[in-house]
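Q: Can you keep this structure in mind? I'll have questions shortly.
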């Protein structure tokens with residue numbers, strides 16, 4: 001079936017099918033909803049299933065976006081359910097929050113298997129914005145990652161028995177380990193096997209320890225005189241130690257957080273994650289305490305190289321770096337792909353004259369160490385971050401900008417990685433940038449994704465000769481075949 005041709009066909013009959021989980025009177029069930037009447041065939045899966053046509057045709061929109069400030073964002077949407085006489089008021093008593101919701105587009109004459117998935121996410125909540133409608137607020141599956149990375153406690157009978165175990169991923173410098181057995185002088189830096197604990201210090205002075213890499217623990221040889229810290233290479237699952245962004249993100253989202261919220265391999269865009277890992281090999285590291293959120297932890301790792309976690313329309317996790325020019329051959333977009341007079345300037349990000357990137361975090365800041373270690377070591381342990389700064393004096397002069405930028409922190413370990421990343425970001429934002437928005441025609445509906453490189457051409461706004469950019473937002477309207485596109489150039 002030529003799906004792209006069907007989207008372009010003005011005579012096509014479009015229908016959206018929605019399957020949404022909900023707990024009703026204590027029982028998990030699935031409601032089958034649609035914008036038009038539809039019944040599956042006996043050979044379909046599910047067979048002979050009626051989809052109730054109670055979805056408003058004006059509400060099938062899901063917004064995907066790439067954050068310009070690097071903080072990450074969730075794809076969002078809202079579905080209106082007809083409720084003119086209050087016949088579905090009792091649905092407000094059901095449990096919808098954090099239940100799966102999926103949507104497909106197709107033709108009522110098609111087999112169910114020919115429909116194309118357009119959304120795979122979760123319900124945020126149910127509400128009502130008017131007397132005649134109920135509203136399902138939706139989020140992508142990143143919502144599942146909004147959970148503490150672990151709630152496992154140290155246990156035992158010691159004074160720290162109720163503390164949640166901290167975790168180390170990649171390499172972390174000068175962390176504060178947790179005392180697990182005071183009598184044995186036992187400390188822990190991870191819940192499981194680690195690559196190594198290569199330096200333990202007592203008030204900044206190296207001390208001898210007995211390391212058990214299989215448990216992430218070590219024993220001091222004598223009672224400490226002051227604060228114990230350690231530099232470690234952490235999590236080593238199945239004998240494999242990883243310190244790259246993609247590998248650690250995959251490890252964390254599939255193995256940590258609440259058990260029923262963890263991703264499986266089916267939730268990962270394995271091709272994208274493998275390609276990202278092959279390109280971005282910069283070593284990173286993080287020491288996460290029990291208060292750390294899985295999504296925040298992974299976004300911090302990805303943000304180290306200006307990337308973000310994004311869910312595809314099929315509900316697959318991807319890592320996308322905000323970059324200009326975009327990766328790959330740009331997709332040409334001209335006036336013929338834009339609805340007439342729909343092109344507008346959405347925003348104009350501020351020009352930056354300098355970028356300061358924090359790296360190689362000191363996880364335990366120790367000021368005023370009264371020990372015999374060299375002064376440069378004392379200064380190092382009193383400093384939380386090393387920094388790499390990229391500056392354009394020409395931009396500073398032309399725009400009359402302060403060259404002292406706000407520091408942006410990363411989980412990068414090496415200056416040789418942090419300095420090029422700071423310069424890469426400066427190269428993007430030291431030039432005036434514009435986010436354009438327009439209503440695109442159906443040929444863009446299937447071809448564009450977040451992060452797609454494009455060349456934008458129009459007679460307005462200096463685009464006459466075309467400018468290269470990258471797609472940063474998409475709001476498809478599957479029922480009219482158009483898509484609102486945001487492009488950073």
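The values are calculated or read from the model by the stated rules, or taken from the named source; none is laboratory data. Here the structure is a predicted model, which means the values were calculated and not measured. Every residue, glycine as well, gets a Cβ built from its backbone with ideal geometry; the counts of neighbours run over all protein chains shown.
Q: Tell me, please, whether a residue that is out of contact with any strand residue (DSSP E or B) (no Cβ under 9 Å at 6 or more places or on another chain) and under 30 Å from residue 87 (Cβ atoms) can be found in segment 125-140. Let's see the steps before the verdict.
A: As a first pass, look at segment 125-140 and keep what is out of contact with any strand residue (DSSP E or B) (no Cβ under 9 Å at 6 or more places or on another chain): 131.
Now narrow it down to the ones that are under 30 Å from residue 87 (Cβ atoms): 131.
The answer is yes; a qualifying residue exists.
Q: From the set of residues in segment 128-147 that are closer than 30 Å to residue 191 by Cα and surrounded by 17 or more Cβ atoms within 10 Å (Cβ to Cβ), which is farthest from the chain's Cα centre (by Cα)?
A: So the residue we want is 147.
Q: Based on what the data block shows, is residue 98 surrounded by 13 or more Cβ atoms within 10 Å (Cβ to Cβ) and at positive phi?
A: On the way: surrounded by 13 or more Cβ atoms within 10 Å (Cβ to Cβ): yes; at positive phi: yes.
Considered against the rule, which asks whether it is surrounded by 13 or more Cβ atoms within 10 Å (Cβ to Cβ) and at positive phi, residue 98 comes out as yes.
Yes/no matrix, rows are residues, columns are (1) assigned by TED's automatic domain parsing to the domain that holds residue 162; (2) buried (at least 19 other Cβ atoms within 10 Å of the Cβ); (3) at pLDDT 95 or above:
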site: 277; (1), (2), (3): yes, no, yes
site: 284; (1), (2), (3): yes, yes, yes
site: 297; (1), (2), (3): yes, yes, yes
site: 303; (1), (2), (3): yes, yes, yes
site: 326; (1), (2), (3): no, yes, no
site: 345; (1), (2), (3): no, no, yes
site: 367; (1), (2), (3): no, no, no
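Q: Based on what the data block shows, is residue 185 on the phi < 0 side of the Ramachandran plot and either surrounded by fewer than 16 Cβ atoms within 10 Å (Cβ to Cβ) or touching a strand residue (DSSP E or B) at 6+ places or on another chain (Cβ under 9 Å) (or both)?
A: Values: on the phi < 0 side of the Ramachandran plot: no; either surrounded by fewer than 16 Cβ atoms within 10 Å (Cβ to Cβ) or touching a strand residue (DSSP E or B) at 6+ places or on another chain (Cβ under 9 Å) (or both): yes.
Criteria not met by residue 185.
Q: Moving on. Quick one: count up the residues across segment 196-241 that are assigned to a loop (DSSP other than H, G, I, E, B), out of contact with any strand residue (DSSP E or B) (no Cβ under 7 Å at 6 or more places or on another chain) and closer than 30 Å to residue 278 by Cβ.
A: Taking segment 196-241 first, the residues assigned to a loop (DSSP other than H, G, I, E, B) are 203-204, 207-208, 213-216, 221-227, 238-239.
Subsequent filtering for residues that are out of contact with any strand residue (DSSP E or B) (no Cβ under 7 Å at 6 or more places or on another chain) retains 203-204, 208, 214-215, 222-223, 227, 238-239.
Checking the rest, the ones that are also closer than 30 Å to residue 278 by Cβ come to 238-239.
Looking only at that region, the number is 2.
Q: Of 440, 466, 462, which residue is outside the structural domain of residue 310 (by TED's automatic domain parsing) and out of contact with any strand residue (DSSP E or B) (no Cβ under 6 Å at 6 or more places or on another chain)?
A: Details: 440 fails: out of contact with any strand residue (DSSP E or B) (no Cβ under 6 Å at 6 or more places or on another chain); 466 fails: out of contact with any strand residue (DSSP E or B) (no Cβ under 6 Å at 6 or more places or on another chain).
Going through 440, 466, 462 in turn, the sole match is 462.
Residues are listed down the side, and each one gets a yes or a no for (1) surrounded by fewer than 20 Cβ atoms within 10 Å (Cβ to Cβ); (2) within 16 Å of residue 286 (Cα to Cα); (3) in contact with a helix residue (DSSP H, G or I) (Cβ under 6 Å, 6 or more places away or on another chain); (4) in the same structural domain as residue 245 (by TED's automatic domain parsing):
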| site | (1), (2), (3), (4) |
| --- | --- |
| 155 | yes, no, no, yes |
| 173 | no, yes, no, yes |
| 190 | no, yes, no, yes |
| 197 | no, yes, no, yes |
| 200 | no, no, no, yes |
